[in-house]
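Reviewing the structure listed below.
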Amino acid sequence: MGSPSDHYDIVTVGAGVSGCEAALEAAKKNARVLLLEEHPQVGLPSHCSGVVSLSGLELLGLEAHSSFSQKLIHGARFFPPHGESIEVRKKDPVALILNRMKLDQFLAKRAVAEGVELRTKTRASKFERRADEDSLTLADGSKVASKVVIDASGAGSRLPEQAGLQAPDWAQILPGLQYELVEMKEQGDLVELFFGSKRAPGFFAWSIPTGKNSARVGLASKKGNVKKFLDDLVKEQWPRSTIDATKSGSVLVSGPVARCWSPGFIMVGDAAGQVKQTTGGGIVIGGYCGKLGGIAAASAANHNGTEAEQFLRNYDTQWREKFGSDLRKMSLARKLFASLSDETLDRLFSVLRDNVVEIEAEGDMDFQGKIIMKMLKKRNVATLLPRVAADAVKAIFS
Ligand SMILES: Cc1cc2nc3c(=O)[nH]c(=O)nc-3n(C[C@H](O)[C@H](O)[C@H](O)COP(=O)(O)OP(=O)(O)OC[C@H]3O[C@@H](n4cnc5c(N)ncnc54)[C@H](O)[C@@H]3O)c2cc1C
């Protein structure tokens, strides 16, 4: 195939949250932006549970718009492997359950209104950097050229490798499965989280209320048969419910990649591992990093050589300054948590039970570092450390 016939300042690959936000911000800076989406419709298929903190939504500069909002949430109910559940509830709503397909479509529409050219059914298959120009080969063999490519194509992208970078570690991606359940008993205003080796080894199962009698119920797990775990949970908790839809997806818990830029190329969102390792949640972090990436790419497109590179390098510094410290603490919590036996988990949850008031007052769904460190310093957590260490050693050799 010949040389590219289309030339842009920026090509963004993937019209998820991070890609739409990146494209929008770059267009606001007057860059000529092409946004590629491999599927015929933005937002589909959707694997996401759609939980987003209200403070995170604000960080993205968004309001709970009626086109994508489903339900307000006041907190969470935790089910330890054994014993009674624990409720962490706030007086005011803390989170929004949203329809992820509609959110992506809302964001894509906003980007298009700002001048972004959106091409659906268009897959980018190969990245090449030549002199001061990028070339992306599309699935039909045609090429587009740009000054910067923003990879926002989610977990499992091959583009970073072609740009001389590393993608998130596949070995740390957890298979997940989710049902849309209807005809359930009445759903409240709490998210429910279920823990234990019989429910979701190494991770957790969730129930996210979407309406009066409906919820997204799913789980991810590092071992075992996720379908069997999910069916058992549904049978145990909501035996009279009906499954309206089934979705599978990969939950990313690897943490961010070491470097998110190379000349003419940056990664944002899941493609860069910009996800909370404790929950796999990436809407807020990915969306925010998408914004930073779009602004940096627009500046880079206005410069050449090392000056252009400096803007992309700065993007990598900026997003780590904002989220890096919290992500490191979440990584620690995730590594400790993933290897715990049911007995140790039960004990940890009893510490949580003793500290509900503090968690209600100081917990933050997105910036979890502070509360994680506070809990780890509690005396009754410290007494559990030998047990935690023993579980970790056992997990390594099992
Ligand atoms: C089961 C499950 C539940 C989750 N629940 C939550 C939750 O409740 N809250 C939360 O914050 N996060 C949640 N997440 C994580 C969240 O979905 C991701 O972090 C988020 O979608 C990342 O956004 P993104 O824009 O980076 O990538 P994506 O949303 O994956 O978007 C990437 C886009 O790129 C397109 N694409 C891929 N390759 C190409 C290509 N080569 N060319 C063109 N287009 C391409 C894809 O079709 C897709 O539209 C969940 C994940 C899973 C699996």
Check: Residues 42, 17, 51, 94: which one is more than 10 Å from the ligand (Cβ to nearest atom) and among the aliphatic types (A, V, I, L, M)?
Finding: 94
Note to self: Consider the range 54-87. How many of its residues are at positive phi and at pLDDT 90 or above?
What the structure shows: 2
Note to self: Please pick out the residue among 340, 327 that is within 16 Å of the ligand (Cβ to nearest atom), surrounded by 20 or more Cβ atoms within 10 Å (Cβ to Cβ) and not β-branched (Val, Ile, Thr).
What the structure shows: 327
Notebook entry, point to check: Within the range 196-204, is even one residue in contact with a helix residue (DSSP H, G or I) (Cβ under 7 Å, 6 or more places away or on another chain), surrounded by 19 or more Cβ atoms within 10 Å (Cβ to Cβ) and either without any contact (Cβ under 8 Å) to a residue 60 or more places away in the chain or in a strand (DSSP E or B) (or both)?
Noted result: yes
Next item on the list: Show the residue pairs that are 6+ apart or on different chains and have beta-carbon atoms under 9 Å apart, the first residue being within the range 92-105 and without any contact (Cβ under 8 Å) to a residue 24 or more places away in the chain, the second being assigned to a helix (DSSP H, G or I).
Entry: 92/54
Note to self: From the list 134, 151, 169, 189, exactly one residue is surrounded by fewer than 18 Cβ atoms within 10 Å (Cβ to Cβ) and either closer than 21 Å to residue 19 by Cβ or out of contact with any His (no Cβ under 8 Å at 6 or more places or on another chain) (or both). Which is it?
What the structure shows: 169
Notebook entry, point to check: Residues 109, 90, 126: which one is modelled with pLDDT of 95 or more and farther than 19 Å from residue 154 by Cβ?
Noted result: 109
Next item on the list: With the condition kept exactly as written, say whether any residue in the range 205-217 is in contact (Cβ under 8 Å) with a residue 40 or more places away in the chain, within 27 Å of residue 94 (Cα to Cα), surrounded by fewer than 19 Cβ atoms within 10 Å (Cβ to Cβ) and away from the ligand (no atom under 12 Å from the Cβ).
Entry: yes
Notebook entry, point to check: Do we find a residue being among the polar types (S, T, N, Q), modelled with pLDDT of 95 or more and part of a loop (DSSP other than H, G, I, E, B) anywhere in the range 250-257?
Noted result: no
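The values are calculated or read from the model by the stated rules, or taken from the named source; none is laboratory data. Just so it is clear, the structure is predicted and the values come from calculations on it, not from any experiment. Backbone-built Cβ (ideal geometry, glycine too); neighbour counts: all protein chains shown.
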